[in-house]
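What follows is calculated from the coordinates using simple rules that are stated; it is not laboratory data. Bear in mind the structure is a predicted one, so any value in this text is a computation, not a measurement. Reconstructed Cβ throughout: ideal geometry from the backbone, glycine too, with neighbour counts over all protein chains shown.
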C-alpha cells in the first residue's frame with residue numbers, strides 16, 4: 001500500500017509506523033522542538049528503505065551541525081538512491097548529495113526547484129527559507145516565491 005504525507009505528497013514507504021514517525025520528526029523540526037532526529041531514526045528503523053526519511057535525517061543533521069550523523073545519513077541515502085519513488089524524492093537525494101559534496105550552489109538550486117514544483121514539501125520549503133535568512137535576504141537566489149512565507153519583517157519609517 002502506498003502512502004502520502006500530511007500534505008498529500010507521495011512517500012516511499014508502505015509502513016504506517018515509519019510514516020507516522022517521519023511526520024512526527026518533520027513536525028518537531030518545523031516547530032523548533034527537540035526530538036526530531038529521534039523520530040526520524042524511528043522512521044528509518046521501521047522502514048530502512050524509506051528514502052525521504054533518510055534524506056530528512058541528513059538535511060536536519062546538517063542544519064543542527066551534526067556532521068557525523070549527516071554523513072552517515074548521506075551514505076544511506078546514496079545506497080537507496082535507485083529506490084527513490086518519484087521526481088521529488090530524486091531531487092531530495094540530489095540535494096543531500098550536493099550538500100555532502102560541498103556544492104552549496106547546486107543544493108540551493110535543487111531546494112528552490114523542488115520548493116517551486118512542490119510547494120507543499122515542508123522540509124524543502126523550510127530549508128529554502130532558512131538559507132535565505134542565513135544569507136540575510138528575503139528572496140531565494142532565483143528570485144522565486146518559494147521563500148515568500150519566510151520574509152523577514154522590516155520596520156518602516158514614518
query: Could you give the angle, 0 to 90 degrees to the nearest 10, between helix 104-117's Cα long axis and the longest principal axis of the Cα atoms of the chain?
result: 80 degrees
- prompt: Helix 51-63: angle to the longest alpha-carbon principal axis of the chain, degrees 0 to 90, nearest 10?
  reply: 40 degrees
statement: Listed with the fewest Cβ neighbours within 10 Å leading, 12, 72, 115 appear as 72, 12, 115
message: To test your reading of the geometry: what angle, between 0 and 90 degrees and rounded to tens, separates the Cα axis of helix 67-79 from the longest principal axis of the chain?
response: 60 degrees
task: Please say if region 1-49 is rounded, prolate or oblate, where rounded means a/c under 1.5 for a ≥ b ≥ c the square roots of the C-alpha gyration tensor eigenvalues, and otherwise the choice is prolate for a/b larger than b/c and oblate otherwise?
output: oblate
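Cα-based Rg of the chain per 2.2 N^0.38 Å, rounded to two decimals?
Working: Rg = 15.4 Å, N = 158, 2.2 N^0.38 = 15.1 Å.
That works out to 1.02 for the chain.
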query: For the chain, what is the calculated [θ] at 222 nm in deg cm²/dmol (nearest 500), taking -39500 (n - 2.57) for each run of four or more DSSP H residues and dividing by its residue count?
result: -19000 deg cm²/dmol
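Determine, for 90, 54, the number of other Cβ atoms within 10 Å of each Cβ, and report the residues in order from fewest to most. Before the final figure, lay out the partial values.
On the way: 90 16, 54 29.
Taking fewest neighbouring Cβ atoms as first place, the list is 90, 54.
Of 44, 51, how do they rank once you tally other Cβ atoms within 10 Å and put the fewest first? Show your work: numbers first, answer last.
Working: 44 24, 51 27.
Taking fewest neighbouring Cβ atoms as first place, the list is 44, 51.
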task: Quote the FRET efficiency, to the nearest 0.05, computed for residue 82 versus residue 130 with a Förster distance R0 of 35 Å and r equal to the Cβ-Cβ distance.
output: 0.75
